[in-house]
1. Which numbered condition in (1) surrounded by fewer than 16 Cβ atoms within 10 Å (Cβ to Cβ); (2) touching a residue at least 12 places away in the same chain (Cβ under 8 Å); (3) not β-branched (Val, Ile, Thr) is the only one that CYS148 fails?
2. Going through the stretch 156-208 one residue at a time, which ones are within 27 Å of MET238 (Cβ to Cβ), away from ligand 1 (no atom under 13 Å from the Cβ) and part of a strand (DSSP E or B)?
3. Of all residues being surrounded by 14 or more Cβ atoms within 10 Å (Cβ to Cβ) and either in contact with a strand residue (DSSP E or B) (Cβ under 8 Å, 6 or more places away or on another chain) or among the hydroxyl-bearing types (Ser, Thr, Tyr) (or both) in the stretch 309-320, which is farthest from ILE267 (Cα to Cα)? Just the residue, please.
4. Name, by its number, the condition in (1) hydroxyl-bearing (Ser, Thr, Tyr); (2) within 21 Å of VAL127 (Cβ to Cβ); (3) modelled with pLDDT under 95 that does not hold for THR274.
5. Need at least 3 residues that are modelled with pLDDT under 95 and at positive phi per element, so show me which strands (runs of 3 or more DSSP E) inside the stretch 280-357 make the cut, counting only ones lying wholly within it.
6. Regarding LEU295, is this residue surrounded by 14 or more Cβ atoms within 10 Å (Cβ to Cβ), under 30 Å from ASN124 (Cβ atoms) and of a type outside the set (S, T, N, Q)?
7. Of the residues THR213, THR228, THR160, which single one is polar (S, T, N, Q), under 30 Å from ARG322 (Cβ atoms) and more than 16 Å from ligand 2 (Cβ to nearest atom)?
8. Which one is farthest from PRO315 (Cα to Cα) among residues in the stretch 209-242 that are in contact with a Phe, Trp or Tyr (Cβ under 9 Å, 6 or more places away or on another chain) and part of a loop (DSSP other than H, G, I, E, B)?
Amino acid sequence: MSYRDYYDLLGLDQSATPEEIKKAYRRLAHQFHPDKNPGNPSAAEQFRHITEAYEVLQDTKKRTAYDRYGASMARGSFEGFREPGDFSPPGNFFDDFWGEIFREFYGSRRQRFTRTRGGDFRYNLEVSLEEAAFGMETEIKIPRMSICPLCRGSRCSPGTLPVTCPACRGIGSLRAQRGFFITETTCQRCGGEGKVIVRPCSQCRGMGHIKLTRIIRTHIPPGVDNGTRLRLRGEGEMGRNGGLPGDLYVMVSVRKHPIFSRSGNDILCQIPITLVQAVRGAEIEIPTLRGKAKLKVPPGTPAEKSFTLRGYGMPILRGSGRGDQKVKLQVEIPSKLNRRQREILEEFNQICAGAKKGRSEGSARN
Ligand SMILES: [Zn+2]
Ligand SMILES: [Zn+2]
């Protein structure tokens with residue numbers, strides 16, 4: 001999701017008054033509300049953007065911060081306005097504002113049914129280390145309740161309308177006299193709605209919603225690690241009675257790599273070299289996430305010596321720069337020698353012993 005200017009989104013400029021902001025948002029919310037645009041993900045996306053813009057601009061403190069720090073602030077700190085699960089709208093925003101809007105959407109009768117925000121979904125995504133390093137585009141398939149595309153949530157067979165409940169004559173409740181008392185009970189026939197559906201929609205069987213598999217295309221940013229949690233706003237369970245949808249949390253896990261392991265943003269690997277390479281020095285090829293790199297092993301390198309390839313590690317998630325690659329050399333000690341090799345090694349040993357003796361005699365003379 002690319003960043004968009006909040007004023008632009010609402011079609012305003014920076015001098016807009018709170019009244020103008022509210023008015024603009026009201027107009028756009030009507031236009032893009034998901035319930036008015038079933039099966040239209042770009043409208044839902046737009047609705048989320050304008051809601052985000054409105055939440056910032058209608059709050060004097062947040063608006064001042066946004067005006068001062070602009071884009072860089074907006075995504076970082078404003079992202080955390082609401083903790084997952086805690087859906088507390090600013091002030092009595094919902095009571096006044098949404099009350100008005102949803103009264104118009106659903107008629108006042110629906111007011112009796114509580115708006116509930118949809119639940120959050122969790123999706124486990126396994127990626128390779130390379131995908132974690134470079135980022136990727138992926139498709140997530142989520143079966144979830146959606147507004148029925150055939151009846152558009154009306155629950156009626158297309159071309160038909162609900163009729164006034166014959167049992168309660170549209171009142172939603174029934175009165176009965178028992179002796180001296182008059183009792184009022186919710187109408188069983190219409191469940192208190194005052195209307196009944198004669199021909200229910202065949203696709204959703206009169207529920208108004210249906211389980212559909214939704215395909216969400218999303219970008220996994222470079223640098224994700226085991227336990228990284230990515231939040232996709234509004235892609236969770238649908239809300240009830242006009243409530244906002246929940247969010248989708250993508251939980252990332254990174255597959256084990258045959259060569260590399262990871263420590264924070266650093267990549268670790270072990271590279272075997274021969275005894276002769278370690279003693280004499282060598283230039284060896286090192287596998288990295290970005291292809292092969294050359295490493296100069298100086299003569300007389302001790303076993304298990306570590307080298308650092310700067311900037312060859314993992315990119316820093318939502319930041320700049322990269323970790324390093326740490327290469328640990330493993331000197332292979334030959335376990336089986338043939339006769340010739342043993343002879344040479346023996347000879348080498350004698351030369352070493354001779355040199356040592358010579359040195360110690362030399363030093364004794366002095
Ligand atoms: Zn339907
Ligand atoms: Zn009824």
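1. (1)
2. If the condition is that a residue be within 27 Å of MET238 (Cβ to Cβ), away from ligand 1 (no atom under 13 Å from the Cβ) and part of a strand (DSSP E or B), then VAL163, THR186, LYS195, VAL196 are the ones that fit.
3. Restricting to residues being surrounded by 14 or more Cβ atoms within 10 Å (Cβ to Cβ) and either in contact with a strand residue (DSSP E or B) (Cβ under 8 Å, 6 or more places away or on another chain) or among the hydroxyl-bearing types (Ser, Thr, Tyr) (or both), the top hit is ILE316.
4. With respect to (1) hydroxyl-bearing (Ser, Thr, Tyr); (2) within 21 Å of VAL127 (Cβ to Cβ); (3) modelled with pLDDT under 95, THR274 is out only on (2).
5. Fully inside the stretch 280-357 and qualifying: nothing.
6. On the way: surrounded by 14 or more Cβ atoms within 10 Å (Cβ to Cβ): yes; under 30 Å from ASN124 (Cβ atoms): no; of a type outside the set (S, T, N, Q): yes.
In short, no.
7. Details: THR213 fails: under 30 Å from ARG322 (Cβ atoms); THR160 fails: under 30 Å from ARG322 (Cβ atoms).
From the options THR213, THR228, THR160, the qualifying one is THR228.
8. Per the criteria, the residue is ASN241.
The values are calculated or read from the model by the stated rules, or taken from the named source; none is laboratory data. Just so it is clear, the structure is predicted and the values come from calculations on it, not from any experiment. Positions of Cβ are backbone-derived with ideal geometry, glycine not excepted, and every protein chain shown enters the neighbour counts.
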